[in-house]
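**Q** Take this structure, written in structure tokens, and hold onto it; I'll ask about it next.
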Amino acid sequence: MEFVPLGQSERKPRARWLAPLSVMLGSLVTLIPVIAVVPFLPPFGLMLLLGWRTLRPDAMRVWAPVPLGFFDDLVSGQPLGSAMLLWTLCGLMIDVIDTRLVWRDFWQDWLIASGAIGFCLIAGRLVAAPFSAHVDTAMLLQILISALLFPLIARLCAWLDRDARRT
């Protein structure tokens, strides 16, 4: 472990842009042409944001969900500002949970992230789709798939963080 002078960041320059870039690349996954009857593709940008937030709270600034959510809104076609608001609320929710819990393990991170993903998908459905639209079953399938994929996303974030710290 190297000595880091007081007031300077321990992170290397590559690690500073890696987390936001990976979230933006996760948001771009929605552009991959997939032919499906029901929308089952998880919100990879949100999942990567939550993965970084639960793994390394210092990887991104507190205000980072706002521009990242704006980028996701532009790419995904959701109403402008919905991901900005919902991602910021999830980040604030995790901050509140961090102040209440002394420590967390992976199961708690998984539960917190699954709740945040479910909240964002349900709130996004209420904002983007009319109440008469019959998309609730597909949305529940999307929430389930997202919750089951979160451990892989968390593992990816840990691998990217390990790789960034090494170089």
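The values are calculated or read from the model by the stated rules, or taken from the named source; none is laboratory data. Since the structure is predicted, the reported quantities are computational estimates derived from the model, not experimental observations. So basically every Cβ, Gly included, is an ideal-geometry build from the backbone, and we count neighbours across all protein chains shown. Please note that ligands, DNA and RNA were not included when accessible areas were found on the heavy atoms of the full protein model with its side chains. Shrake-Rupley method; radii C 1.70, N 1.55, O 1.52, S 1.80 Å.
**Q** Only one of these is surrounded by fewer than 19 Cβ atoms within 10 Å (Cβ to Cβ) and touching a Ser or Thr at 6+ places or on another chain (Cβ under 7 Å): V38, V34, V75, V62. Name it.
**A** Values: V38 fails: touching a Ser or Thr at 6+ places or on another chain (Cβ under 7 Å); V34 fails: touching a Ser or Thr at 6+ places or on another chain (Cβ under 7 Å); V62 fails: touching a Ser or Thr at 6+ places or on another chain (Cβ under 7 Å).
Answer to the check: V75.
**Q** Counting only residues that are out of contact with any helix residue (DSSP H, G or I) (no Cβ under 8 Å at 6 or more places or on another chain) and part of a helix (DSSP H, G or I), which one in the range 6-24 is modelled with the lowest pLDDT?
**A** Among those residues, the one meeting the criterion is P13.
**Q** Among the helices (runs of 4 or more DSSP H) contained in the range 31-119, which hold 1 or more residues that are under 14 Å from F150 (Cα atoms)?
**A** Filter on the range 31-119 gives 44-55.
**Q** Inspect all residues belonging to the range 47-64 and state whether any of them is within 19 Å of L140 (Cβ to Cβ) and in contact with a Gly (Cβ under 8 Å, 6 or more places away or on another chain).
**A** Looking through the range 47-64, at least one residue is within 19 Å of L140 (Cβ to Cβ) and in contact with a Gly (Cβ under 8 Å, 6 or more places away or on another chain).
**Q** On to the next question. Would you confirm whether any residue within the range 70-92 is among the acidic types (D, E) and over 18 Å from S27 (Cα atoms)? Let's see the steps before the verdict.
**A** Here is the first cut: in the range 70-92, the ones among the acidic types (D, E) are 72-73.
Still in the running and over 18 Å from S27 (Cα atoms): none.
Within the range 70-92, none of the residues are among the acidic types (D, E) and over 18 Å from S27 (Cα atoms).
**Q** Here is a list of conditions, (1) open to solvent by less than 30 Å² (accessible area, probe 1.4 Å); (2) at pLDDT below 85; (3) not acidic (D, E), and R125 meets all of them except one; can you say which number that is?
**A** (2)
**Q** Considering (1) of a type outside the set (F, W, Y); (2) in contact with a helix residue (DSSP H, G or I) (Cβ under 7 Å, 6 or more places away or on another chain); (3) more than 20 Å from V62 (Cα to Cα), say which one S132 fails and leave the rest.
**A** Of everything listed in (1) of a type outside the set (F, W, Y); (2) in contact with a helix residue (DSSP H, G or I) (Cβ under 7 Å, 6 or more places away or on another chain); (3) more than 20 Å from V62 (Cα to Cα), S132 misses just condition (2).
**Q** Cβ-Cβ under 8 Å, sequence separation 6+ or interchain: first residue in the range 25-42 and more than 13 Å from S76 (Cα to Cα), partner in a loop (DSSP other than H, G, I, E, B). Which pairs?
**A** Sorted first by the residue in the range 25-42, then by its partner, the pairs are V34/L41.
**Q** How many of the residues making up the range 128-155 are at pLDDT 90 or above and not hydroxyl-bearing (S, T, Y)?
**A** Residues of the range 128-155 at pLDDT 90 or above: 140-155.
So of that shortlist, the ones also not hydroxyl-bearing (S, T, Y) come out as 140-145, 147-155.
The total comes to 15.
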